[in-house]
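Participant: Pasting a structure here, questions to come.
The values are calculated or read from the model by the stated rules, or taken from the named source; none is laboratory data. No experiment lies behind these values; they were computed from the predicted model shown. When we count neighbours, we look across all protein chains shown, and the Cβ atoms used for this are built from the backbone with ideal geometry, even at glycine.
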Amino acid sequence: MTSNGVFEELIYIKQAGYDFVDRIIDFVEIISMNAKEQEKYHSFLTSTSFGKGELQCISICISRKYPFITNDKKAKRFAEKNNVIAWDIPDIMKALWKTGIRNKEEVKGIMDDLETSLRKNI
């Protein structure tokens, strides 16, 4: 699930010519904020410099007790300061390995594939 703000950012990236965004859009469900989440989001807008997509997601995560997944270390720290469980890609990869869902070599392969894919799409 993701917020309207993240969806808008994805559309902007797609319009810039990056077709890989289609796979993301097909995968995620866009959710709207309720009044309480909007209020929290607006309070964040006046006190931080994060993008609206991140702030909307963090506001939703606070209200609904969802974890926040990001590739931005500062956004992760901000979410954690607001009592949100926050994960980044290394956290997810470590969890795959530690829980036995994937072995260490498979996790390394996934990380290598992600790096290769990112380089191709940038």
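Participant: Answer yes or no: is there a residue in the range 108-119 that is surrounded by 13 or more Cβ atoms within 10 Å (Cβ to Cβ), at pLDDT 85 or above and not assigned by TED's automatic domain parsing to the domain that holds residue 9.
Facilitator: The answer is yes, given that some residue of the range 108-119 is surrounded by 13 or more Cβ atoms within 10 Å (Cβ to Cβ), at pLDDT 85 or above and not assigned by TED's automatic domain parsing to the domain that holds residue 9.
Participant: Determine whether residue 56 is in contact with a Gly (Cβ under 7 Å, 6 or more places away or on another chain) and among the polar types (S, T, N, Q).
Facilitator: Answer is yes for this residue.
Participant: Inside the range 82-95, can you point out the residues that are over 13 Å from residue 71 (Cα atoms) and buried (at least 16 other Cβ atoms within 10 Å of the Cβ)?
Facilitator: Passing the criteria: only 84.
Participant: Whether any residue in the range 56-72 is more than 18 Å from residue 2 (Cα to Cα) and of a type in the set (Asp, Glu) is what I want to check.
Facilitator: No, the conditions are met nowhere in the range 56-72.
Participant: Restricting attention to the range 23-61, which residues are in contact with a helix residue (DSSP H, G or I) (Cβ under 9 Å, 6 or more places away or on another chain) and among the aromatic types (Phe, Trp, Tyr)?
Facilitator: Result: 41, 44, 50.
Participant: When you go through 29, 54 one by one, which is the residue that is touching an Asp or Glu at 6+ places or on another chain (Cβ under 8 Å) and either of a type in the set (D, E, K, R) or exposed (fewer than 12 other Cβ atoms within 10 Å of the Cβ) (or both)?
Facilitator: Unique residue meeting the criteria: 54.
Participant: Is there a residue in the range 32-53 that is of a type in the set (S, T, N, Q) and within 10 Å of residue 2 (Cα to Cα)?
Facilitator: yes
Participant: If you don't mind, another one. On the basis of being surrounded by 11 or more Cβ atoms within 10 Å (Cβ to Cβ) and among the hydroxyl-bearing types (Ser, Thr, Tyr), does residue 59 make the cut? Before you say what the answer is, go through the steps one by one.
Facilitator: Working: surrounded by 11 or more Cβ atoms within 10 Å (Cβ to Cβ): yes; among the hydroxyl-bearing types (Ser, Thr, Tyr): yes.
Yes.
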